[in-house]
Amino acid sequence: MRRGLGRPFRPGMGVPVIPPLLRRGNEQLAAKDYAGAAATFTQLAANAEGRNGPGAPFFHFQAGRANLLAGQKPAAYEEIKKGLLLLAERRRFGRLYKVGNRLIGELKQNGMTKEADELAAWMKTALPIGFTPPPGMEPAKKPTLPTHCPSCGAAVHPDEVEWTDDVTAECAYCGSPVRGE
């Protein structure tokens, strides 16, 4: 079993430390304080990017989602694009493909068809020539995951998580194990 994505652990407990800023951002989203959540996740993304943290792309995605919910469509698009660019730079092409397609769908659902089409065209150039989505390496029947991480409160997208074993996935934001049923 993997330790996680380099996130700090509490001594002797084996549980990742959840930054208070991450908790606050997820609480703001839950309370529908979308502008506040956008600012919080933008700060988290900048902090993570500054230290080359693995969560940086996902904080950009959350900042984009919060901006979208706050009605700030240009800011939403910029944050989403930053996150996708980071995945491409880090050569995480499987994640880029899965997350990118989900976000393109969300942009279209929110009336941002032009931006969605721009991202779709960009993704074709960002993915390696001949890229095909990796076949499902997960179990044939995936367990049902909770909709939110029990540790940090971030949304969990079952088709995008990294599975650590047949019933456990890893939260993209805090690295905590999320067990399915």
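The values are calculated or read from the model by the stated rules, or taken from the named source; none is laboratory data. Since this is a predicted model, take the numbers as computed values, not measurements. Every residue, glycine among them, receives a Cβ derived from its backbone with ideal geometry; neighbour counts consider all protein chains shown.
Of note:
- Some residue of region 129-140 being part of a helix (DSSP H, G or I) and touching a helix residue (DSSP H, G or I) at 6+ places or on another chain (Cβ under 7 Å): no
- Pick from region 60-113, criterion of a type in the set (Ser, Thr, Tyr) and in contact (Cβ under 8 Å) with a residue 12 or more places away in the chain, ranking: farthest from Lys124 (Cα to Cα): Tyr77
- Matching entry among Glu160, Glu181 (being part of a loop (DSSP other than H, G, I, E, B), over 19 Å from the mean Cα position of the chain (by Cα) and either among the small types (Gly, Ala, Ser) or within 30 Å of Pro20 (Cβ to Cβ) (or both)): Glu181
- Set side by side, the residues Gln28, Gln62 differ, and just one is over 16 Å from the mean Cα position of the chain (by Cα), part of a helix (DSSP H, G or I), buried (at least 17 other Cβ atoms within 10 Å of the Cβ) and not aromatic (Phe, Trp, Tyr), which is Gln28.
- Applying the condition of being in contact with a Gly (Cβ under 8 Å, 6 or more places away or on another chain) and assigned to a loop (DSSP other than H, G, I, E, B) to region 163-172 and asking which residue is nearest to Arg102 (Cα to Cα) yields Ala172.
- The residue list Arg91, Arg102 contains one member that is outside any helix (DSSP H, G or I), out of contact with any strand residue (DSSP E or B) (no Cβ under 8 Å at 6 or more places or on another chain) and either buried (at least 18 other Cβ atoms within 10 Å of the Cβ) or not β-branched (Val, Ile, Thr) (or both), which is Arg91.
Conditions tested, residue by residue: (1) more than 20 Å from Leu21 (Cβ to Cβ); (2) assigned by TED's automatic domain parsing to the domain that holds Glu160; (3) modelled with pLDDT under 90.
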residue: Arg51; (1), (2), (3): no, no, no
residue: Pro54; (1), (2), (3): no, no, yes
residue: Gln62; (1), (2), (3): no, no, no
residue: Ala66; (1), (2), (3): no, no, no
residue: Glu78; (1), (2), (3): yes, no, no
residue: Leu85; (1), (2), (3): yes, no, no
residue: Leu103; (1), (2), (3): yes, no, no
residue: Leu107; (1), (2), (3): yes, no, no
residue: Ala116; (1), (2), (3): yes, no, no
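- Region 38-50 residues that are within 15 Å of Ala154 (Cβ to Cβ), paired with ones that are among the aromatic types (Phe, Trp, Tyr) and surrounded by 21 or more Cβ atoms within 10 Å (Cβ to Cβ) (beta carbon under 6 Å, 6 or more apart): Phe41/Phe59; Leu44/Phe59; Ala45/Phe59; Ala48/Phe59
- Residue in region 166-180 that is farther than 22 Å from Ala45 by Cα, of a type in the set (A, V, I, L, M, F, W, C) and exposed (fewer than 15 other Cβ atoms within 10 Å of the Cβ) present: no
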